[in-house]
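Below you'll find the structure, written out as structure tokens, and then a few comments.
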Amino acid sequence: GANNWVRDNPAAASTWINTLPQGSARDTAVSRLVSSTASNDPASAFNWALTIGNDGQRSNAIQAAASQWVNKDPNSAVAAVQSVQGLTDAQRTQLLDRLQKQIDAQQSGSGAPPPTTVTNRNGARVTY
């Protein structure tokens, strides 16, 4: 079906979606494209999400893409969300809070212990 085709051939699906008129069928196709490409190409998925006409679907797709993007490139994801036009201020604030929590979790969950400062045998304080 269309879902598998969108997932297996996102480039062809993108070309096809570009031929669709604005409306619910196009919004649904873009939503599927976003969900199937967000993990591999979150920046592209994010940009596609912005083209959805339906407010609820657009917001959901933007959030889905951004939460994948922040795992790969936190700075770009946060910058994109800060400047995006497709969200209300409340949605933007909520999404930025969620992304920050993801970033914090990644940093604390990296398996690395917090930095430790010790005094080495030369009397110098070393942080590692």
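The values are calculated or read from the model by the stated rules, or taken from the named source; none is laboratory data. Bear in mind the structure is a predicted one, so any value in this text is a computation, not a measurement. These area figures cover heavy atoms from the full protein model, side chains too; ligands, DNA and RNA do not enter into them. Shrake-Rupley method; radii C 1.70, N 1.55, O 1.52, S 1.80 Å.
Details
- The chain - accessible surface per residue (Å², probe 1.4 Å): 60
- Within the accessible area of the chain, the carbon and sulfur atoms contribute 49%, probe 1.4 Å, all protein chains present.
- The accessible-area ordering, largest first, of the residues 19, 51, 93, 37 stands as 19, 93, 51, 37, per a 1.4 angstrom probe.
- Accessible-area order (highest first, 1.4 angstrom probe) of the listed residues 5, 48: 5, 48
- For the chain, the longest principal axis of the alpha carbon atoms and the long axis of helix 24-37 meet at an angle near 30°.
- Per-residue extension of 0.36 nm, minus the Cα-Cα distance of residue 28 and residue 119, leaves a gain of 26.7 nm for this segment.
- Scalar couplings 3J(HN,Hα) for segment 80-86, obtained by applying the Karplus form with A = 6.51, B = -1.76, C = 1.60 to θ = phi - 60°, are 5, 5, 5, 9, 5, 8, x Hz; x denotes Gly and Pro.
- GNM top mover of 20, 50, 96 - the chain, alpha-carbon springs below 10 Å: 20
- Considering the chain at the alpha-carbon level, its Rg and Dmax are found to be 19.7, 72 Å.
- Estimated at 0.36 nm per residue, the fully extended path between residue 90 and residue 106 surpasses their Cα-Cα distance by 3.3 nm.
- Each residue of segment 71-76 is assigned a 3J(HN,Hα), and the resulting list reads 6, 9, 8, x, 5, 5 Hz, derived from the Karplus form 6.51 cos²θ - 1.76 cosθ + 1.60 (θ = phi - 60°), x at Gly and Pro.
- All Cα-Cα separations within segment 14-63 were binned at 5 Å from zero, giving a P(r) of 4, 26, 37, 23, 8, 1, each value a whole percent of the pairs.
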